[in-house]
Amino acid sequence: MTIGWTAPPPCVLSSDRFIFSSIMKFASSHLLGIAALAAVSPALASPQSPLKPASSSPSSGGSLDDVINDSPFLSFHRDLVQIESLSGNESYVGEFVAEFLEAHNFTVVKQPVPGGDGPARFNVFAHRASGSPRVLLTSHIDTVPPFIPYSLERVASNSSASSIRISGRGSVDAKASVAAQVFAALEVLDEDPDAPLGFLFVVDEEVGGKGMSVFSESSLNPDPSPFNAVIFGEPTDLALVAGHKGMLVFDVVATGRAAHSGYPWLGSSAISAILPALSRVDQLGDIPAEEGGLPSSPKFGRTTVNIGRVDAGVAINVVPAAARAGVAVRLAAGTPDEGREIVRRAVHNATNGNEAVYADFSSHPEGYPPPDLDTDVDGFEVTTVNYGTDVPNLQLHDREDGGSVRRYLYGPGSIHVAHSDDEALTVADLQEAVRGYRKLIEAALDQDE
Ligand SMILES: [Zn+2]
């Protein structure tokens, strides 16, 4: 575990006393935690660096910093990004978000989520005392590795504040969504303090969705559903997403018998056996469904297949006794069960029924069909995306009146930079996202009336 977090310089803090106090509380409690960890396990604590003033980190230029410092919204986003929260190590950022929401009169429930490699991690569920939220804003607080520090950059030949580029791990995916959702809701609550809004910020989205699954199965997601709408935050380039592809994951496995490579007839090559199966599986997205391929749809286009990993053999002079390939399928149509049947048949046919080669679904039971999302709010570009989200991990019950809970997916920043070394977005993207979330919140509240 690592804690790549540095406190902002003192000049940052003077402009926002709340953030100052919460960061200092955060820093002092976690310094204690770090000290305790170091005492217990030097091996665990060694990659950690103590929290230190950021004056020792390279400055991105006074005037750029001032733009961020002057805005509670941009400062909140910065603080989120500065707290490292790789999947499994989300408790520090969770504490920070929880304290921030408590300071803004939210009742916060820290919902424990098993797993992780740092201090006990939890989802942050928050609502106003007035009762259960009817519009739920949700995103995730974990990020993919590696941690990349927060930095600011002025885009050449443009001196406007809105063109400032903000980089760092999670700056887009999904801390931009988290920050914009919080500030959009605070704006709405400013005008209508009784607006039934709530937040759910989950852990583990990038690795398995355990955070959302835990929430989904908990009493915080009751039947019938108290929610009218759930607004999911992920990088969508500020477009409203009508749906995303489904997912199916499996291994193709082949077994053989080892022998000296000079006498291959004494053994049986697992690699030779797996090749025709993989070659067929690789093309399943391009083969028409009526010829045994995976289905396409007008909405999502073709199903795509990625053989992302192959493990086989032990040495070039040994006939390989085992081979295994990991495959991820992005389903454009159909259910995972239908997809499994198509894969099973394809492997069988490609290998002439060789029983030493088979598709193994047991180690990847997860999978979901393409979810359809709502787009009935005017003023947005509408699109579809090819990446997975936590949407399928939240099983929403019908409402008391029998209606289903609306689901929206929207957020700032591009998926094309998320997870990359260039993860970044502009101040304008962030500001526009606050307006977008406001629009969605207000539409969802109106639908409720
Ligand atoms: Zn994400």
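Points to keep in mind about this one:
- Residue in segment 147-162 that is within 19 Å of Ala185 (Cα to Cα) and either touching a strand residue (DSSP E or B) at 6+ places or on another chain (Cβ under 8 Å) or within 16 Å of the ligand (Cβ to nearest atom) (or both) present: no
- The single condition among (1) modelled with pLDDT of 95 or more; (2) of a type outside the set (Ser, Thr, Tyr); (3) surrounded by 15 or more Cβ atoms within 10 Å (Cβ to Cβ) that Glu191 does not satisfy is (3).
- Those residues of segment 365-391 which are in a loop (DSSP other than H, G, I, E, B) and either under 19 Å from the mean Cα position of the chain (by Cα) or among the polar types (S, T, N, Q) (or both), in sequence order: Glu366, Pro369, Pro370, Pro371, Leu373, Thr375, Asn386, Tyr387, Gly388, Thr389, Asp390
- Taking (1) of a type in the set (Gly, Ala, Ser); (2) under 18 Å from Ala428 (Cα atoms); (3) away from the ligand (no atom under 16 Å from the Cβ) in turn, Ala176 satisfies each apart from (3).
- Residue match in segment 70-77 (condition: within 16 Å of the ligand (Cβ to nearest atom) and either under 21 Å from Met212 (Cβ atoms) or within 22 Å of the chain's Cα centre (by Cα) (or both)): yes
- Just one of the numbered conditions (1) in contact with a His (Cβ under 9 Å, 6 or more places away or on another chain); (2) within 16 Å of the ligand (Cβ to nearest atom) is not true of Pro196: (2).
- For segment 199-224, a tally of residues being more than 13 Å from the ligand (Cβ to nearest atom) and crowded, with 20+ Cβ neighbours inside 10 Å returns 6.
- Only one of the numbered conditions (1) at pLDDT 95 or above; (2) buried (at least 18 other Cβ atoms within 10 Å of the Cβ); (3) of a type in the set (A, V, I, L, M) is not met by Ala418, and that is (1).
- In the condition set (1) small (Gly, Ala, Ser); (2) closer than 30 Å to Glu400 by Cβ; (3) modelled with pLDDT under 95, Gly208 is compliant with all but (2).
- The strands (runs of 3 or more DSSP E) falling completely within segment 151-210 that include 3 or more residues that are within 22 Å of Asn89 (Cα to Cα) map to 197-202.
Yes/no per residue for (1) out of contact with any Leu (no Cβ under 7 Å at 6 or more places or on another chain); (2) at positive phi; (3) not polar (S, T, N, Q):
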{"residue": "Gly367", "(1), (2), (3)": "no, yes, yes"}
{"residue": "Pro370", "(1), (2), (3)": "no, no, yes"}
{"residue": "Thr384", "(1), (2), (3)": "yes, no, no"}
{"residue": "Val391", "(1), (2), (3)": "no, no, yes"}
{"residue": "Leu396", "(1), (2), (3)": "yes, no, yes"}
{"residue": "Glu400", "(1), (2), (3)": "yes, no, yes"}
{"residue": "Arg406", "(1), (2), (3)": "yes, no, yes"}
{"residue": "Ala433", "(1), (2), (3)": "no, no, yes"}
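- Residue that is over 17 Å from the mean Cα position of the chain (by Cα), at pLDDT 95 or above and within 15 Å of the ligand (Cβ to nearest atom), where the choices are Ala433, Ala444: Ala433
- Each residue in segment 228-259 was checked for being among the hydrophobic types (A, V, I, L, M, F, W, C), within 16 Å of the ligand (Cβ to nearest atom) and within 24 Å of Val182 (Cβ to Cβ), and 6 of them qualify.
- Single match in Pro133, Pro222 (criterion: part of a loop (DSSP other than H, G, I, E, B) and more than 17 Å from Ala98 (Cα to Cα)): Pro222
- Exactly one residue among Val329, Val318 is modelled with pLDDT of 95 or more, among the aliphatic types (A, V, I, L, M) and either closer than 30 Å to Ala444 by Cβ or crowded, with 21+ Cβ neighbours inside 10 Å (or both), and that residue is Val329.
- Residue within segment 104-111 that is more than 26 Å from the chain's Cα centre (by Cα) and either at pLDDT 85 or above or over 22 Å from Gly413 (Cβ atoms) (or both) present: yes
- Scanning segment 163-173 for residues that are within 14 Å of the ligand (Cβ to nearest atom) and within 11 Å of Gly413 (Cα to Cα) gives Gly170, Ser171, Val172, Asp173.
- The single condition from (1) farther than 17 Å from Met247 by Cβ; (2) of a type outside the set (A, V, I, L, M); (3) not in a loop (DSSP other than H, G, I, E, B) that Arg340 fails is (1).
- Number of positions in segment 408-429 that are in contact with a helix residue (DSSP H, G or I) (Cβ under 9 Å, 6 or more places away or on another chain) and more than 16 Å from the ligand (Cβ to nearest atom): 3
- For segment 372-398, the set of residues classified as crowded, with 16+ Cβ neighbours inside 10 Å, of a type outside the set (S, T, N, Q) and more than 16 Å from the ligand (Cβ to nearest atom) consists of Asp374, Val377, Phe380, Leu396, listed by residue number.
- Among residues of segment 252-269, those that are surrounded by fewer than 18 Cβ atoms within 10 Å (Cβ to Cβ) and either in a strand (DSSP E or B) or in contact with a helix residue (DSSP H, G or I) (Cβ under 6 Å, 6 or more places away or on another chain) (or both), counted: 4
The values are calculated or read from the model by the stated rules, or taken from the named source; none is laboratory data. In this text the structure is predicted, and so the values were computed from the model without any measurement. Cβ atoms come from the backbone with ideal geometry, glycine included; neighbour counts cover every protein chain shown.
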